[in-house]
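Down below is the structure, laid out as structure tokens.
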Amino acid sequence: TQLLEQSPQFLSIQEGENLTVYCNSSSVFSSLQWYRQEPGEGPVLLVTVVTGGEVKKLKRLTFQFGDARKDSSLHITAAQPGDTGLYLCAGAGNQFYFGTGTSLTVIP
Amino acid sequence: DTEVTQTPKHLVMGMTNKKSLKCEQHMGHRAMYWYKQKAKKPPELMFVYSYEKLSINESVPSRFSPECPNSSLLNLHLHALQPEDSALYLCASSLEGYTEAFFGQGTRLTVV
């Protein structure tokens, strides 16, 4: 059972554009993580959000946790080719539940 | 230090071989995980160790055998694998069960 749905599944944009990735669930999570993964490498933790409504910024990346702690979004401003990768959300409950993934390609 | 170290980085093995994947962390984490990942798909949970005891086995075939010799080490023993077992195998650890996890770089396994 896939508890976390990400959208879009694939995204190809030009350098400098903005984008938002969504991570949605009907379940409540105690915390939610976002990871970025490059081909052949392990996922790298970007952020953990814990409190409903929480907003965290990491340079050009803005993460938001929904008020009900069921969903989250990742917004990237002025995307760069180095942002290319697979973005995964993961919710913490009685185990980690990974989202379906969003494959982002930023074209120079 | 937020590093999880996996060896080897690449492994090619025949269907009759026996090999082992290794994972090490020195962050004092008490939960360790093995995941299997196919290209452009999310990681799939295989095993969870909590305080050195196997707490979750996600119906993984017996040709995969995990071992946790101590709180810093996690092994995955492989025997009689099939070509469809070719994947990226990821180790992760967290302070306790199901808090934020840190991943190793993975072992790219090819079964021929």
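The values are calculated or read from the model by the stated rules, or taken from the named source; none is laboratory data. Note that the structure is predicted; figures quoted are calculated from it, not measured. Please note: Cβ atoms are built from the backbone with ideal geometry, for glycine as well, and neighbour counts cover all protein chains shown.
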Identify, please: which residue in region B:8-28 is in contact with an Asp or Glu (Cβ under 9 Å, 6 or more places away or on another chain) and within 13 Å of chain A (Cβ to nearest Cβ) and is, among those, modelled with the highest pLDDT? B:25
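Which members of region A:73-108 meet the condition of being away from chain B (no Cβ under 14 Å), small (Gly, Ala, Ser) and within 18 Å of residue A:25 (Cα to Cα)?
Across region A:73-108, the qualifying residue is only A:73.
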Kindly indicate the residue of region B:46-62 that is away from every other protein chain (no Cβ under 14 Å) and touching a strand residue (DSSP E or B) at 6+ places or on another chain (Cβ under 7 Å) and also surrounded by the most Cβ atoms within 10 Å (Cβ to Cβ) among those meeting that condition. B:60
Can you report the number of residues in region B:67-80 which are touching a Lys or Arg at 6+ places or on another chain (Cβ under 6 Å) and buried (at least 18 other Cβ atoms within 10 Å of the Cβ)? 1
Farther than 18 Å from residue B:100 by Cα and surrounded by fewer than 15 Cβ atoms within 10 Å (Cβ to Cβ), is that true of residue A:24? no
Of those in region A:57-72 that are surrounded by fewer than 16 Cβ atoms within 10 Å (Cβ to Cβ) and assigned to a strand (DSSP E or B), the residue farthest from the other protein chains (Cβ to nearest Cβ) is A:57
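Let's see how each residue does on (1) under 24 Å from residue A:40 (Cα atoms); (2) touching a helix residue (DSSP H, G or I) at 6+ places or on another chain (Cβ under 7 Å); (3) modelled with pLDDT of 95 or more:
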position: B:30; (1), (2), (3): no, no, no
position: B:42; (1), (2), (3): yes, no, no
position: B:49; (1), (2), (3): no, no, no
position: B:52; (1), (2), (3): no, no, no
position: B:55; (1), (2), (3): no, no, no
position: B:62; (1), (2), (3): no, no, no
position: B:66; (1), (2), (3): yes, no, yes
position: B:70; (1), (2), (3): no, no, no
If I filter region A:43-55 for residues that are more than 14 Å from chain B (Cβ to nearest Cβ), without any contact (Cβ under 8 Å) to a residue 12 or more places away in the chain and loosely packed, with under 12 Cβ neighbours inside 10 Å, do I get at least one hit? no
Which of the residues that make up region B:88-110 are among the hydrophobic types (A, V, I, L, M, F, W, C) and either at positive phi or surrounded by fewer than 19 Cβ atoms within 10 Å (Cβ to Cβ) (or both)? B:95
Among the residues of region B:77-107, the number that are under 11 Å from the mean Cα position of the chain (by Cα), closer than 15 Å to residue A:43 by Cα and outside any loop (DSSP other than H, G, I, E, B) is 8
